[in-house]
């Protein structure tokens with residue numbers, strides 16, 4: 001070991017080419033902030049590196065797809081790298097497949113502090129603090145014909161603390177005996193730590209969540225290696241907008257005002273915890289969800305509008321995106337036994353539930369001439385077994401909402 005502590009920042013998955021997904025009616029007063037969310041979150045990563053006065057920054061790929069991100073994203077990265085250069089903070093970038101789209105990465109001239117790691121072989125770089133060597137950075141960028149293996153990084157010998165930076169996740173053989181103190185993984189917007197021990201393998205995730213499945217805090221990781229080689233990581237939150245997925249447990253006949261009051265309280269609590277703008281996707285669960293006022297899509301839509309008016313125009317805003325019912329795990333017997341249009345619909349749905357091989361024939365529902373250019377019908381109609389179940393669940397909920405007698409739903 002070098003006998004010196006080191007502190008560095010680990011980040012990746014900026015996806016500057018991407019936009020936030022699942023927003024079907026973006027409010028005009030929030031549109032600019034939502035479009036700029038990936039850039040605002042990534043900027044906070046570089047600001048954190050400066051504020052924490054780190055020794056270096058490692059980047060685990062997926063920063064941008066240049067064909068979709070355009071000149072703005074390239075200019076943004078250049079400016080941010082220059083900010084670090086002015087404070088003598090080096091950047092070690094393991095470029096992913098996405099980063100190398102169309103070979104643009106090698107054609108650009110980055111600031112002198114940026115080192116894009118080779119894709120053809122492992123690079124081993126001695127990092128110095130002034131004239132003092134304090135760490136050895138090992139890494140390799142993605143290569144189309146060379147799969148990454150942990151053994152190629154273990155083979156690099158050094159008396160200095162070893163830090164590996166990769167553009168994707170990796171199966172590591174016996175990490176605690178690898179001689180590597182920190183494995184910097186990439187390839188995911190969601191953070192994860194597959195191994196902790198003498199060695200730590202960690203993915204910081206991305207600085208911004210882009211869809212409901214990427215809910216909760218996002219950011220980068222501050223990594224500290226002490227003189228004895230012990231590794232600690234700490235998340236630095238940087239998301240510009242945060243997805244939240246609150247779940248409501250509804251009982252049969254629960255009063256509308258009781259639920260609305262709970263939703264108000266939940267939003268206030270989420271805002272206090274997050275201290276940033278929120279995108280809220282509500283999910284009603286519980287055995288009574290189909291026997292409450294919220295079984296009606298119209299009632300749920302009106303509730304969302306009330307929440308938007310109360311919380312969606314403040315600073316920070318909490319914008320309710322949707323209010324859905326959790327899909328049923330099975331169709332209720334009384335739905336299928338009704339002598340009604342709803343009963344007919346549910347019996348058909350039940351048949352599809354029970355016969356996995358029965359074709360859905362979704363292509364019959366498409367008007368091919370109305371599809372955008374280049375999209376084949378199969379891209380929309382080929383449904384795997386898991387997706388088939390989800391689709392049938394959603395169809396059952398929709399049928400229940402549209403076909404059930406209004407008198408059967410509490411108001």
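Could you pull out every one of the helices (runs of 4 or more DSSP H) wholly within the range 292-411 that has 2 or more residues that are at pLDDT below 80?
Output list reads 377-381, 385-403.
Applying the selection to the range 40-64, what residues are in contact with a helix residue (DSSP H, G or I) (Cβ under 9 Å, 6 or more places away or on another chain), surrounded by fewer than 20 Cβ atoms within 10 Å (Cβ to Cβ) and touching a residue at least 12 places away in the same chain (Cβ under 8 Å)?
If the condition is that a residue be in contact with a helix residue (DSSP H, G or I) (Cβ under 9 Å, 6 or more places away or on another chain), surrounded by fewer than 20 Cβ atoms within 10 Å (Cβ to Cβ) and touching a residue at least 12 places away in the same chain (Cβ under 8 Å), then 40, 43, 50 are the ones that fit.
I'm told residue 152 meets every condition in (1) surrounded by fewer than 16 Cβ atoms within 10 Å (Cβ to Cβ); (2) under 26 Å from residue 82 (Cβ atoms); (3) free of Cβ contacts under 8 Å to residues at least 40 places away in the same chain except one. Can you identify the failing condition by its number?
Result: residue 152 fails condition (2) only.
Touching a residue at least 24 places away in the same chain (Cβ under 8 Å), under 30 Å from residue 149 (Cβ atoms) and surrounded by fewer than 21 Cβ atoms within 10 Å (Cβ to Cβ), is that true of residue 23?
So residue 23 does not fit the description; no.
Applying the selection to the range 65-90, what residues are assigned to a loop (DSSP other than H, G, I, E, B) and in contact (Cβ under 8 Å) with a residue 12 or more places away in the chain? So that I can check it myself, show each step before the final result.
Just the residues of the range 65-90 that are assigned to a loop (DSSP other than H, G, I, E, B), to begin with: 65, 86-90.
Across the range 65-90, the qualifying residues are 65, 87, 88, 89, 90.
Just to confirm my filter: which strands (runs of 3 or more DSSP E) fall fully inside the range 91-142 and include at least 3 residues that are within 16 Å of residue 12 (Cα to Cα)? Step through it out loud before you land on a result.
On the way: elements: 91-93, 114-116, 123-129, 132-139.
Output list reads 91-93, 114-116.
Against the conditions (1) part of a loop (DSSP other than H, G, I, E, B); (2) in contact (Cβ under 8 Å) with a residue 60 or more places away in the chain; (3) under 14 Å from the mean Cα position of the chain (by Cα), where does residue 253 fall short? Just the number, please.
(3)
All but one of (1) closer than 30 Å to residue 5 by Cβ; (2) touching a helix residue (DSSP H, G or I) at 6+ places or on another chain (Cβ under 8 Å) hold for residue 253, so report the exception by its number.
Of (1) closer than 30 Å to residue 5 by Cβ; (2) touching a helix residue (DSSP H, G or I) at 6+ places or on another chain (Cβ under 8 Å), only one is false for residue 253: (1).
Can you tell me which residue within the range 28-59, out of those that are under 22 Å from the mean Cα position of the chain (by Cα) and outside any helix (DSSP H, G or I), is farthest from residue 83 (Cα to Cα)?
Result: 36.
I'd like the full set of residues that are crowded, with 16+ Cβ neighbours inside 10 Å and either touching a residue at least 40 places away in the same chain (Cβ under 8 Å) or part of a loop (DSSP other than H, G, I, E, B) (or both), limited to the range 230-243.
Across the range 230-243, the qualifying residues are 231, 233, 236, 238, 239, 240, 241.
Report whether or not residue 287 is part of a loop (DSSP other than H, G, I, E, B) and out of contact with any helix residue (DSSP H, G or I) (no Cβ under 8 Å at 6 or more places or on another chain).
On the way: part of a loop (DSSP other than H, G, I, E, B): yes; out of contact with any helix residue (DSSP H, G or I) (no Cβ under 8 Å at 6 or more places or on another chain): yes.
Judged against the criteria, residue 287 is a match.
Filter the range 1-20 for residues that are modelled with pLDDT of 95 or more and farther than 23 Å from residue 213 by Cβ; which is surrounded by the fewest Cβ atoms within 10 Å (Cβ to Cβ)?
Taking the candidates together, the pick is 7.
Determine which member of the set 186, 216 is within 22 Å of the chain's Cα centre (by Cα), free of Cβ contacts under 8 Å to residues at least 40 places away in the same chain and not in a strand (DSSP E or B). It would help to see each step written out before you state the result.
Numbers: 186 fails: free of Cβ contacts under 8 Å to residues at least 40 places away in the same chain.
Exactly one of 186, 216 is within 22 Å of the chain's Cα centre (by Cα), free of Cβ contacts under 8 Å to residues at least 40 places away in the same chain and not in a strand (DSSP E or B), namely 216.
The values are calculated or read from the model by the stated rules, or taken from the named source; none is laboratory data. Every value quoted in this text rests on a predicted model; they were computed, and no experiment measured them. Backbone-built Cβ (ideal geometry, glycine too); neighbour counts: all protein chains shown.
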